[in-house]
Amino acid sequence: MRESRVAGGSPTAALVERALAGDVEAFAELVREHQDPAFVTALLMLRDRGRAQDAVQDAFLVAFANLATLRSPQSFGAWLRQIVRHQASRILRRQKLEVALDHATPSTAWDPADTAERRDELRRILRAIHELPEGERDATILFYLKDQSQKAVASVLHLPVTTVNNRLHAARARLKGELLPVMERTLAQSALPADFADALGRIVRVAGAAADRVPVALSRLGAHSSGTEPFETGIKVIDLLCPMTQGGSIGLFGDPRVGKLVLVEELTHNIGKREDQPAIFTFVKAPDEIDAYTTLLADAGPLPTVVIAADEASEGALQAARPFLDVAVFMSRHLVEDGIYPAVNPRKSWSRLLDPAFVGSDHWEVAQGVWKALGDIDESGSVGGRARRIRNFLSQPFFVAEAYTNRPGAYVRRGETIAAFAALLAGSYDHLPEAAFLMCGSLPA
């Protein structure tokens, strides 16, 4: 049985307990507290910055998924290092296979600044550091990796400052020569990104069958269907067909690289300052999308979403998550190929609030009409043309994508959205070309 934290326990133990209770920010703090020693372990084993970052990233995701198995929360650091060593060993075995097949591939965390010359220099330095006694090795790489003070290194290693000073002095004596002048610069350039913890702290890995593990993860993260009032987002397809709720839980599902995080960014732009925002859970396929989402979250800054990486991140995960959600938004590769952004699949997405009792009879009737019309997309004549106009009008330019689309973003009020689709269903715009309804906010004149 896992030991429970008692009063006066370590800060690490308290963070573990909070993370177990579903506090994602506590997990991000755990990452921040332990990322440097973990990176040191991986870097010394792999001697490659990108692969070491991959190993540390995977290790933290594995750790979060298995926190409940940790018997002693205050031992998180030692337990994490074991996981890092295991992940690094897996990468080493894979690397040897790649070399044997003469088909080596670059690390997924590859950085354009990591030139061959810099990588060779880093390996030379790490080989020299690896020859140091273990105590001197850890102190040296931590000291130079982020230009930390002896006091900071002592805090990370849980050692007296004098001990760290003595180890650094001994290490410098062993590393004398031309190596010392370049060590500080090279190791500083090889540190983890400053926002590594913030990005990784919002990714939860779910291993195994989605039906078994997804409900457990959502429950731990506090997901629950609770909203009772529509929450206007200004995004037509969301407000009309899968209305969100105040204080509710939203799930984003779908194929890789269909714009799930862009949708989260636009939602943040449109509703980020309001109270009672819904909690957003973005499901991605592990491990395919984890690296991409770590980078995207780091670039985008803090977003109100938890990324759940599951082996089955589409249909299976959606069904398993249903009892915990108010809304499920399913995004489709086929719509991306048709130029429909956001690529929300109306036929798979759903909202618990799309009911006359919640949204009113006018809204509900228009939504039903849109769903029925979308079934006629492949028809010829006026019926098919009207269906394609409706499908195209579900697209919309986003504020957060203005630099890429060269179109100004559009916020459309819920009432305007309902009225516009009612007019389309009535055939009032059948005289306009279908393309006129792509990527616009309001109806074309």
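The values are calculated or read from the model by the stated rules, or taken from the named source; none is laboratory data. This is a predicted model, so every value here is computed, not measured. Cβ placement follows ideal geometry from the backbone for every residue including glycine, while neighbour counts extend to all protein chains displayed. To get the accessible areas, we keep the full protein, side chains included, count just its heavy atoms, and leave off ligands, DNA and RNA. Shrake-Rupley method; radii C 1.70, N 1.55, O 1.52, S 1.80 Å.
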- Nonlocal amide H pairs with residue 331, under 5 Å, H built at 1.01 Å: 253, 254, 255, 345
- Item | Backbone HN-Hα couplings from phi across the stretch 119-134 [Karplus 6.51/-1.76/1.60, Hz, Gly and Pro as x] | 5, 5, 5, 5, 4, 4, 5, 5, 4, 5, 5, 4, 7, 6, x, 4
- Task: Would you kindly derive the ³J(HN,Hα) couplings of the stretch 363-370 from the backbone phi angles with the Karplus curve 6.51 cos²θ - 1.76 cosθ + 1.60 (θ = phi - 60°), listing them in order in whole Hz, with x for Gly and Pro?
- Result: 4, 4, 5, 5, 4, 4, x, 5
- With all protein chains present, how much of the accessible area of the stretch 23-97 (probe radius 1.4 Å) comes from carbon and sulfur, to the nearest whole percent? 47 percent
- Message: Given a 1.4 angstrom probe, what's the average accessible area per residue across the stretch 351-397, in square angstrom?
- Response: 45 Å²
- Listed residues 23, 276, 239 arranged by accessible area, highest first, probe 1.4 Å: 276, 23, 239
- Task: With all protein chains present, calculate the accessible area of residue 255 using a 1.4 Å probe and round the result to the nearest 10 Å².
- Result: 40 Å²
- Item | Probe 1.4 Å - accessible area at residue 364, Å² to nearest ten | 90 Å²
- Note on the structure: Regression test value, accessible area per residue of the stretch 227-272, probe 1.4 Å, units Å², expected 22 Å²
- Message: Quick check of the Kirkwood formula: for the stretch 336-436, what is the inverse mean of 1/r over all pairs of different Cα atoms, in Å?
- Response: 14.7 Å
- Query: Using modelled amide H (1.01 Å from N, peptide plane; none on Pro or chain starts), what sits under 5 Å from the amide H of residue 280, excluding residues fewer than 5 places away?
  - Reply: 250, 306
- 1/(1 + (r/R0)^6) with r = Cβ-Cβ of residue 445 and residue 86, R0 = 45 Å, i.e. FRET efficiency to nearest 0.05, evaluates to 0.10
- The alpha-carbon center of the stretch 333-402 and that of the stretch 132-151 are separated, in whole Å, by 58 Å
- Query: What's the carbon and sulfur percent of the stretch 305-445's accessible surface, probe 1.4 angstrom, rounded to a whole number?
  - Reply: 51 percent
- Regression test value, accessible area per residue of the stretch 8-93, probe 1.4 Å, units Å², expected 35 Å²
- Cβ-based charge dipole, the stretch 317-421, positive-most Cα from 400, 383, 356: 400
- Out of residues 5 or more away from residue 244 or on other chains, whose amide H comes under 5 Å of its own, with H placed 1.01 Å from N in the peptide plane? 231
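Rank 348, 372 by accessible area, highest first, at a 1.4 Å probe radius? Please list the in-between numbers first.
Details: 348 90, 372 150 Å².
Largest accessible area first, the residues go 372, 348.
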